[in-house]
Amino acid sequence: MEAASGAPLWALLVYALATAGLFGALLVLTRYLGPLAKRSQEEPYESGVVPTGTAQVRFNVQFYLIAVIFIVFDLETMFIVAWAVVFREAGVAGYLEIVVFILVLVATLFYLARTGALEVSRRRDAARGRDVQPGGAGGER
């Protein structure tokens, strides 16, 4: 008995049985070699770490702004890599286009740095009179 591609079906059957056997063996070993301590089903548990504190952590908007800027610059890197692949075929016109593209990127980066969008250090919130942490909630200092 052979498959349409000419390969024998018994090889596929052996592979399927070996996979099922390995799966079953891992389940049995996990049952007997795993931790013996029982934990409450109502208690959150992730990656072997018992949680501490609250899950209600506030992040400053600055964190999300930096994340979006990273994504934009990451996508622009993909355009530059695609240009590098067709460098010889693009010729002088392609070279001039990528130079303009990179100049726009550099100008954007300088603009973001000048407006403080990339600032990660602690800033003073004048309206509330307290320090603001970009990665979390600000506290009285």
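The values are calculated or read from the model by the stated rules, or taken from the named source; none is laboratory data. As the structure is a computational prediction, the values presented were derived from the model and not from experiment. Positions of Cβ are generated from backbone atoms using ideal geometry, with glycine treated the same way; all protein chains shown enter the neighbour counts.
See the values below:
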| quantity | calculated |
| --- | --- |
| Residue in the stretch 33-56 that is modelled with pLDDT of 80 or more and aliphatic (A, V, I, L, M) present | yes |
| Leading residue by the ranking (nearest to the chain's Cα centre (by Cα)) among those in the stretch 70-89 that are of a type in the set (A, V, I, L, M) and more than 28 Å from Asn60 (Cα to Cα) | Met78 |
| Any hit, the stretch 1-15, residues being among the aliphatic types (A, V, I, L, M), touching an Asp or Glu at 6+ places or on another chain (Cβ under 9 Å) and either assigned to a loop (DSSP other than H, G, I, E, B) or at pLDDT below 75 (or both) | no |
| Selected residue [at pLDDT 90 or above and closer than 30 Å to Val120 by Cβ] from Phe79, Phe63 | Phe79 |
| Selected residue [touching a residue at least 60 places away in the same chain (Cβ under 8 Å) and of a type in the set (A, V, I, L, M, F, W, C)] from Val57, Val85 | Val57 |
| Val92 being more than 28 Å from the chain's Cα centre (by Cα) and either at negative phi or surrounded by 13 or more Cβ atoms within 10 Å (Cβ to Cβ) (or both) | yes |
| Extreme residue, farthest from the chain's Cα centre (by Cα), among residues of the stretch 49-66 that are outside any loop (DSSP other than H, G, I, E, B) and surrounded by fewer than 10 Cβ atoms within 10 Å (Cβ to Cβ) | Val49 |
